[in-house]
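Below: one structure, written as structure tokens.
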Amino acid sequence: MRLKFWGTRGSIPTPGKQTVRYGGNTACAELRLSNHELIILDAGTGIRNLGEALIENGESVKAFILISHPHWDHIQGFPFFKPAFVSGNDLTIVGGETDKVMLKKMISDQMNKIYFPVQLNELKATVKFRSVKEEEIGVFDARVSTIYVNHPSFAIGYRITHGGKSLAYISDNEPFDGRVARAIRNVEKTVIDRYSHSKGDPNQRIFDFVRNADVLIHDATYTPEEYVDRVGWGHSDYLFTLKVAAEGKVKRLVLFHHDPAHSDDKVDDIVQTCKKEIRNRKYKFDCLAAAEGMEIEI
Ligand SMILES: [Zn+2]
Ligand SMILES: [Zn+2]
């Protein structure tokens with residue numbers, strides 16, 4: 001598989017001189033299977049440039065878009081994804097939903113006339129929806145498994161296995177522990193139940209989910225100092241991110257969902273600190289930070 005990042009930022013786009021190297025667009029990555037079939041991870045603002053590239057190549061687009069959750073930074077680019085405006089293209093949007101709000105509504109509400117001039121049913125491409133809980137589904141000839149992670153309302157992590165290799169994508173996730181207890185009231189009950197009933201470390205199910213992945217993309221929004229004041233916001237500090245990678249025995253870790261307040265230099269610092277921690281703790285995996293335009297062979 002081949003992976004390319006089109007958006008690496010969390011929360012809100014951050015264009016400007018301070019974010020040129022790691023990028024200012026919100027979450028989006030392109031995953032090509034060995035036969036070039038297209039899976040898109042999240043539809044943050046990065047998907048706009050991916051759409052431009054697909055149109056430029058003259059490709060007819062048949063793609064699955066795996067949405068982690070409907071916070072703006074993961075769906076906001078979809079109305080600007082040009083292949084959705086081309087008849088003959090075929091898009092399947094995969095994601096979770098709640099008892100109250102269906103997946104289709106989560107995507108289409110942001111295109112309500114009040115917010116956007118073109119409605120979902122006016123798009124020329126065929127757009128289908130496939131809601132998922134915790135399960136395994138086939139996408140082209142890849143196996144895609146899903147897990148609820150710890151994030152306000154809900155968020156889904158994906159693991160894509162194809163050709164003997166696997167990629168785990170957990171864009172937004174917070175360590176589940178006692179400190180979070182007061183903050184999880186906003187999380188769907190179905191998610192809380194899964195964590196609070198597990199024995200030992202409640203994050204064990206995350207460690208098991210990413211076990212032996214060739215590449216793990218994981219939330220590393222905060223420094224440990226920043227996290228103290230942001231418990232319950234749904235994100236990890238990089239020490240927890242390292243722990244997930246170590247416990248899961250992954251081969252490569254990609255730090256993702258950079259905080260909007262972090263400049264390129266700050267992200268460089270975080271990577272250097274993580275590398276030092278990895279050496280000190282004798283972890284075995286490699287660590288890098290996601291950057292717009294970066295490509296990884298899996
Ligand atoms: Zn996010
Ligand atoms: Zn979120």
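The values are calculated or read from the model by the stated rules, or taken from the named source; none is laboratory data. Only a predicted model underlies this, so the values are computations on that prediction, with no experimental measurement involved. Every residue, glycine as well, gets a Cβ built from its backbone with ideal geometry; the counts of neighbours run over all protein chains shown. Quick note on the areas: whole protein, heavy atoms, side chains included, nothing else; ligands and nucleic acids left out. Shrake-Rupley method; radii C 1.70, N 1.55, O 1.52, S 1.80 Å.
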Within region 48-60, is even one residue in contact (Cβ under 8 Å) with a residue 40 or more places away in the chain, crowded, with 22+ Cβ neighbours inside 10 Å and either within 15 Å of the chain's Cα centre (by Cα) or in a loop (DSSP other than H, G, I, E, B) (or both)?
no
Which condition number does Asp269 fail, the rest of (1) open to solvent by 10 Å² or more (accessible area, probe 1.4 Å); (2) under 19 Å from Leu167 (Cα atoms); (3) not basic (Lys, Arg) being met?
(2)
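Can you find, within region 207-250, the residue that is surrounded by the most Cβ atoms within 10 Å (Cβ to Cβ) among those that are aliphatic (A, V, I, L, M) and within 16 Å of ligand 2 (Cβ to nearest atom)? It would help to see each step written out before you state the result.
Step one: filter region 207-250 for residues aliphatic (A, V, I, L, M), giving 210, 213, 215-217, 220, 228, 231, 239, 242, 244-246, 250.
From what's left, within 16 Å of ligand 2 (Cβ to nearest atom): 217, 220, 231.
Working: Ile217: 28, Ala220: 32, Val231: 16.
Looking at the filtered set, the residue picked out is Ala220.
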Mind counting the residues in region 272-298 that are surrounded by fewer than 16 Cβ atoms within 10 Å (Cβ to Cβ) and of a type in the set (Phe, Trp, Tyr)?
0
Would you call Ala261 open to solvent by less than 50 Å² (accessible area, probe 1.4 Å) and aliphatic (A, V, I, L, M)?
no
Enumerate the pairs (first residue in region 1-21 and more than 18 Å from Leu50 (Cα to Cα) and of a type in the set (S, T, N, Q); second residue anywhere and modelled with pLDDT of 95 or more and away from ligand 1 (no atom under 16 Å from the Cβ)) with beta-carbon separation below 7 Å, excluding pairs fewer than 6 apart on the same chain, so at least 6 apart or on different chains.
Gln18/Ser263; Gln18/Asp264; Thr19/Ser263; Thr19/Asp264
Count of region 61-73 residues which are within 16 Å of ligand 2 (Cβ to nearest atom) and either in a loop (DSSP other than H, G, I, E, B) or in contact with a Pro (Cβ under 7 Å, 6 or more places away or on another chain) (or both)
5
Scan of region 136-158 for residues that are away from ligand 1 (no atom under 16 Å from the Cβ), under 16 Å from the mean Cα position of the chain (by Cα) and more than 16 Å from Ile40 (Cβ to Cβ), ordered by number:
Ser145, Ile147
Reported set for region 172-184 where residues are out of contact with any Phe, Trp or Tyr (no Cβ under 6 Å at 6 or more places or on another chain), at pLDDT 70 or above and either open to solvent by less than 40 Å² (accessible area, probe 1.4 Å) or within 16 Å of ligand 2 (Cβ to nearest atom) (or both) is Asp172, Asn173, Glu174
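Here's a check for you: in region 74-119, which residue that is part of a helix (DSSP H, G or I), of a type outside the set (S, T, N, Q) and open to solvent by 10 Å² or more (accessible area, probe 1.4 Å) is nearest to Asp219 (Cα to Cα)? Working first, answer last.
Kept after step one, since they are part of a helix (DSSP H, G or I), are these residues of region 74-119: 74-75, 78-80, 82-85, 103-111.
Retained after the next criterion (residues that are of a type outside the set (S, T, N, Q)): 74-75, 78-80, 82-85, 103-107, 109, 111.
Subsequent filtering for residues that are open to solvent by 10 Å² or more (accessible area, probe 1.4 Å) retains 80, 82, 85, 104-106, 109.
On the way: Phe80: 25, Lys82: 28, Phe85: 31, Lys104: 25, Lys105: 26, Met106: 22, Asp109: 26 Å.
Of everything passing the filter in region 74-119, Met106 is nearest to Asp219 (Cα to Cα).
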Per the filter on region 1-30, residues assigned to a strand (DSSP E or B) and either open to solvent by less than 10 Å² (accessible area, probe 1.4 Å) or among the acidic types (Asp, Glu) (or both) are Leu3, Phe5, Gly7, Arg9, Thr26, Cys28, Ala29, Glu30
